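Single-structure report; data block below.
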Amino acid sequence: MARSAKGRDRYFDTLRAVALVRVVTYHTFGWAWAGMVLPSMGIMFALAGTLMAKSLERPALKVIRSRVRRLLPPFWFWGFFVVVAMLIHDWMPGWQIVYWIVPLGDPPGNAWGEQAWEILWYLRTYLWFVLLSPLLLRVFRLAPVAVLVLSLAPIVVVQFFWTPPDNRFGIVLIDLATYLFCWILGFAHRDGVLQRLKPFAVVVLSLAAIGYGGWYAFTHQAETGSYDLDDIPFAQAFWSAGFVTLLMYAKARFGIDFAWLARFKRLDRVVRVFNARAVTLYLWHEIALILAVPLIDQFWNVPAFETYLPLESQWFMFGIGWVLIGVFILLCGWVEDVAAKTKPRLLP
């Protein structure tokens, strides 16, 4: 397996970086088709599952403590600013504020800050997967292929046979069911299960899952008003399962390593920074997009900007958003170093 200078897998790092770019793009433009072009969350959960299976070669409690330690300080740092801003804007939390300490459920907030905190479902789901991984990995290793296939069963049950409660617990169950296959797929890659599977069966079943997920999304638009996979967990589960399986199987079967990336120093550097600052980028990108709007409003007061810059274009806001994301990475990324118990740096 080809590695970068710091032991990272360039193929996986590139997938994660592209997935993060897709997330920012979707939150800027709101394109319903973006999730079909690249199911970012499924990719990120599969990659995290692979890393978790590798980490669990060490004692489980130690691994969980390490993962939680790496996640919570950046979350607390970001959350401090969000919570204070919401308090200033007439928000008064109840006991549910404990979810701003450990996000086992969605942290509470007001409508004013919703665009910032609504992305926390990913961190909450990731945290639950981390806590459940020792048990999930043990069950997976009893019958790897069968467990991988059956990991789609929970979303089928949730969709057709049992409706989870309409509360934080129910939302957690739906998200876990939606991405369980992708997380288990990460286990399958790490344990070498994927490379032992027959190419024909993998390709056919993956395309079938993609086709079924797409068919379900397009035939159930009346329920959500869109074919956006983010609004249709059942379709998301199958589309992500098929799509991410092909990506992971290609890696396992053909040993794709993206070694060529090393020849493009700047691009390789960007990919490494995105991976080292993935939590910072994810947490702060919505705030960057929020701040881009009033910043661009000020540009209208400068005649040259008004004349020569495409201030009304969403693409311009997209660009300004990335500039602000870069600023947040420089200003806040060091928290990830502290959480990892390494020397704080502006850029890794």
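The values are calculated or read from the model by the stated rules, or taken from the named source; none is laboratory data. Being a predicted model, the structure only gives us computed values, none of them experimental. Cβ coordinates were reconstructed from backbone atoms using ideal geometry, including for glycine residues, and neighbour counts include every protein chain displayed. Surface accessibility is based on the protein's heavy atoms, side chains included, excluding ligands, DNA and RNA. Shrake-Rupley method; radii C 1.70, N 1.55, O 1.52, S 1.80 Å.
Provide a single number: the residues in region 194-223 that are β-branched (Val, Ile, Thr), closer than 16 Å to residue 241 by Cα and out of contact with any Gly (no Cβ under 9 Å at 6 or more places or on another chain). Total meeting the criteria: 3. Of all the residues in region 22-32, those that are within 20 Å of residue 182 (Cα to Cα) and touching a residue at least 40 places away in the same chain (Cβ under 8 Å) number 1.
Report yes if residue 146 is out of contact with any Phe, Trp or Tyr (no Cβ under 7 Å at 6 or more places or on another chain) and either open to solvent by 40 Å² or more (accessible area, probe 1.4 Å) or part of a helix (DSSP H, G or I) (or both), otherwise no. Here the answer is yes, as residue 146 does meet what is asked. Taking the criterion of being modelled with pLDDT of 95 or more and either open to solvent by less than 40 Å² (accessible area, probe 1.4 Å) or more than 17 Å from residue 156 (Cβ to Cβ) (or both), the residues of region 212-226 that qualify are 213, 214, 216, 217, 218. Restricting to region 149-173, give me the number of residues that are open to solvent by less than 60 Å² (accessible area, probe 1.4 Å), of a type outside the set (Ser, Thr, Tyr) and within 16 Å of residue 242 (Cα to Cα). The qualifying residues number 4.
Does residue 212 satisfy the criteria of being part of a helix (DSSP H, G or I), in contact with a Ser or Thr (Cβ under 7 Å, 6 or more places away or on another chain) and hydroxyl-bearing (Ser, Thr, Tyr)? It is false that residue 212 is part of a helix (DSSP H, G or I), in contact with a Ser or Thr (Cβ under 7 Å, 6 or more places away or on another chain) and hydroxyl-bearing (Ser, Thr, Tyr). Residue 203 fulfils the conditions (1) closer than 24 Å to residue 34 by Cα; (2) crowded, with 16+ Cβ neighbours inside 10 Å except for a single criterion, (2). The condition of being closer than 23 Å to residue 179 by Cα and buried (at least 17 other Cβ atoms within 10 Å of the Cβ) does not hold for residue 113. Every condition in (1) under 23 Å from residue 82 (Cβ atoms); (2) modelled with pLDDT of 95 or more; (3) open to solvent by less than 60 Å² (accessible area, probe 1.4 Å); (4) under 22 Å from the mean Cα position of the chain (by Cα) holds for residue 296 except the one numbered (4). The condition (being open to solvent by less than 10 Å² (accessible area, probe 1.4 Å), among the hydrophobic types (A, V, I, L, M, F, W, C), part of a helix (DSSP H, G or I) and touching a residue at least 40 places away in the same chain (Cβ under 8 Å)) is satisfied by just one residue among 283, 246: 283. In this entry, residue 195 passes the filter for residues that are in a helix (DSSP H, G or I), over 23 Å from residue 235 (Cβ atoms) and in contact with a helix residue (DSSP H, G or I) (Cβ under 9 Å, 6 or more places away or on another chain). Of all the listed residues (316, 328), the sole one being open to solvent by less than 70 Å² (accessible area, probe 1.4 Å) and closer than 20 Å to residue 116 by Cβ is 328.
Would it be correct to say that residue 118 is open to solvent by 30 Å² or more (accessible area, probe 1.4 Å) and within 24 Å of residue 21 (Cβ to Cβ)? Taking the combined requirement at face value, the residue satisfies it. For region 10-40, taking the residues that are among the polar types (S, T, N, Q) and under 19 Å from residue 289 (Cβ atoms), the one that is surrounded by the most Cβ atoms within 10 Å (Cβ to Cβ) is identified as 40.
Let's see how each residue does on (1) exposed (fewer than 13 other Cβ atoms within 10 Å of the Cβ); (2) out of contact with any helix residue (DSSP H, G or I) (no Cβ under 6 Å at 6 or more places or on another chain); (3) not β-branched (Val, Ile, Thr):
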| position | (1), (2), (3) |
| --- | --- |
| 259 | yes, yes, yes |
| 276 | no, yes, yes |
| 288 | no, no, yes |
| 312 | yes, yes, yes |
| 335 | no, no, no |
| 342 | yes, yes, no |
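Within region 286-313, being within 18 Å of residue 114 (Cα to Cα) and either of a type in the set (Gly, Ala, Ser) or not in a helix (DSSP H, G or I) (or both) holds for 288, 292. In a residue-by-residue description of region 321-341, the property of being assigned to a loop (DSSP other than H, G, I, E, B) and at pLDDT below 95 applies to at least one position.
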